[in-house]
Amino acid sequence: MRIAYLECFSGMSGDMFMGALVDAGVPPQTLQDTVAALNVGARLEILRVMRSGISATKVDVWIDGKKDLPREEHWREQHDHPHHQEHAHEDQHPEHSHHDEASPAGRALQHEHLHSHEHGRGLNEIRQIISAAPISATAKKTAIAIFEALGRAEAKIHNTSVDHVHFHEVGAVDAMVDIICAAVGAEALGVDEIICSSLNVGRGTVKCAHGTFPVPAPATVELLSGAPVYSSGVQAELVTPTGAAIVKTLASRFASFPEMTIQKSGYGAGSRDFPGHPNVVRLMIGETIGETTSIAVASQTASETITVLEANLDDLNPQVFGYVMDRLLEEGALDAFAMPVQMKKNRPGAVLTILCKPEDASKFAQLLFTETTTLGVRRREEMRQALSRRWENVETPWGQVRIKIGSMNGTVTNYAPEYEDCRRIAAENHVPLKQVMQEATRAYTVTVASKTPVIR
């Protein structure tokens, strides 16, 4: 099984994760094209830097020609030059930027006293922005899940509901860039699982709009509930709210170094260069060891516990039914489908079934009660086994298409072109969708054939 191991011995932030993705092999153009397509006035600057003797990739987000400052730099500028903050550090060399020690979430929070409440974005608006982004459906789900994790943390801290949280922090453009690029880049890695180490959270205090707090900040503490953390004594905020949300959403588990064959590794740089402490996050890609020996097929497929929700519907407007299905998938359901049934009093109806993570079951049950006419929802836990999955890119006459590949015991058993890629290409180039899908499949089979050794 192809896995990624994320080592957070110097914390975690959005830009550090982007740097590690690029250093581990995600094409820089993939992230740069994603940012450009968002059309929000942002761009990425990617360069090589040294951190305590370690060469790493540094990614900075520039918005309207300016690079954002971290939390502590913002407050220093605000104190020293309250009326000229917008001009601060525009000429700063990228390697000396202090971007990562406060996430986009934290930097946006700094502006909370400068902007009125109505300038914040609600979760529904965030969902709409991501849903309209030109990225895959999987990446959209991931990005929305990261924002929802942040929203739940903020809601709990401020004793309110998620719907009433306005994302002064995470609604900023730089946060959108960090989180969407994290989702796109993680998908581009083509791994079956991301595992994370314990997180070094740092030490000291951090100043934000609501006052001075000990490190880690309240939102970070809430997000990392259940995760193993420690402090090595570095006097800085090492894990940011955005970094914590990315890890909590992408990582399937927290564990010590797994038994694996390392194929690639990458280092994502933070902005500061601490003496004797490499301020980087390390990402390693490889294959697990012992997965392809003579073991039962059941042990060769990924197993997980999922929740199954079901509801019988016989009086729901079909137009609403379609809307509900879209909502379920946008909210992060693993799958949603309906089957026609003949119900009591000989009325035709449908059984709506939702597959989801156990921790999301209550959310989806509430959505069913709110959006449909059902009076009851059935719930049960089931084990799901799935083939190992990864992505490969192929070239077609109209552009690049991702191929989803399913394998067992190291042998490819299924492959198919990504529908969203093919649909977009077909619409942009006025080509029949089936032709694009056929060409993508042909390109993949040719690629496989070229890699197969010839026996003479």
task: Any chance you could get the radius of gyration and Dmax over the Cα atoms of region 371-435, in Å?
output: 18.0, 51
- line: Per residue convex hull volume, Cα only, region 328-417, in Å³ is 179 Å³
task: Could you run the Karplus curve 6.51 cos²θ - 1.76 cosθ + 1.60 with θ = phi - 60° over region 326-340 and give me ³J(HN,Hα) per residue in whole Hz, x for Gly and Pro?
output: 4, 4, 4, 6, 5, 7, x, 4, 5, 6, 8, 7, 9, 10, x
message: Once each part is reduced to its C-alpha centroid, what is the distance from region 409-433 to region 350-364 in angstrom?
response: 28 Å
field: Cα centroid separation - region 140-154 against region 1-25, whole Å
entry: 19 Å
field: Cα-based reach from Lys404 at 30 Å (exclusive), listing lysines while leaving out same-chain residues under 8 positions away
entry: Lys58, Lys140, Lys141, Lys248, Lys264, Lys357, Lys363, Lys434, Lys451
Solution diffusion estimate, µm²/s, Stokes-Einstein, region 330-383, Kirkwood Rh from C-alpha pairs, 20 °C, viscosity 1.002 mPa s: 173 µm²/s
field: Fraction of beta bridges assigned by DSSP in region 144-271 that are antiparallel (%, nearest 5)
entry: 55 percent
query: If you plug each phi of region 13-24 into the Karplus form 6.51 cos²θ - 1.76 cosθ + 1.60 with θ = phi - 60°, what whole-Hz ³J(HN,Hα) values come out, in order, with x for Gly and Pro?
result: 9, x, 6, 5, 5, 4, x, 5, 4, 5, 5, 8
- prompt: Amide H neighbours of Leu334 under 5 Å, counting only residues 5+ apart in sequence or on other chains, H built in-plane at 1.01 Å?
  reply: Leu355, Cys356, Lys357
field: Rg and Dmax [Cα atoms of region 137-275; Å; Rg one decimal, Dmax integer]
entry: 15.6, 46
- line: Sorted list, accessible surface of protein heavy atoms, 1.4 Å probe, largest first, for His158, His164 is His164, His158
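The values are calculated or read from the model by the stated rules, or taken from the named source; none is laboratory data. The shown structure was predicted, so the numbers you read here are calculated from the model rather than taken from an experiment. These accessible areas exclude ligands, DNA and RNA; they are computed on the full protein's heavy atoms, side chains included. Shrake-Rupley method; radii C 1.70, N 1.55, O 1.52, S 1.80 Å.
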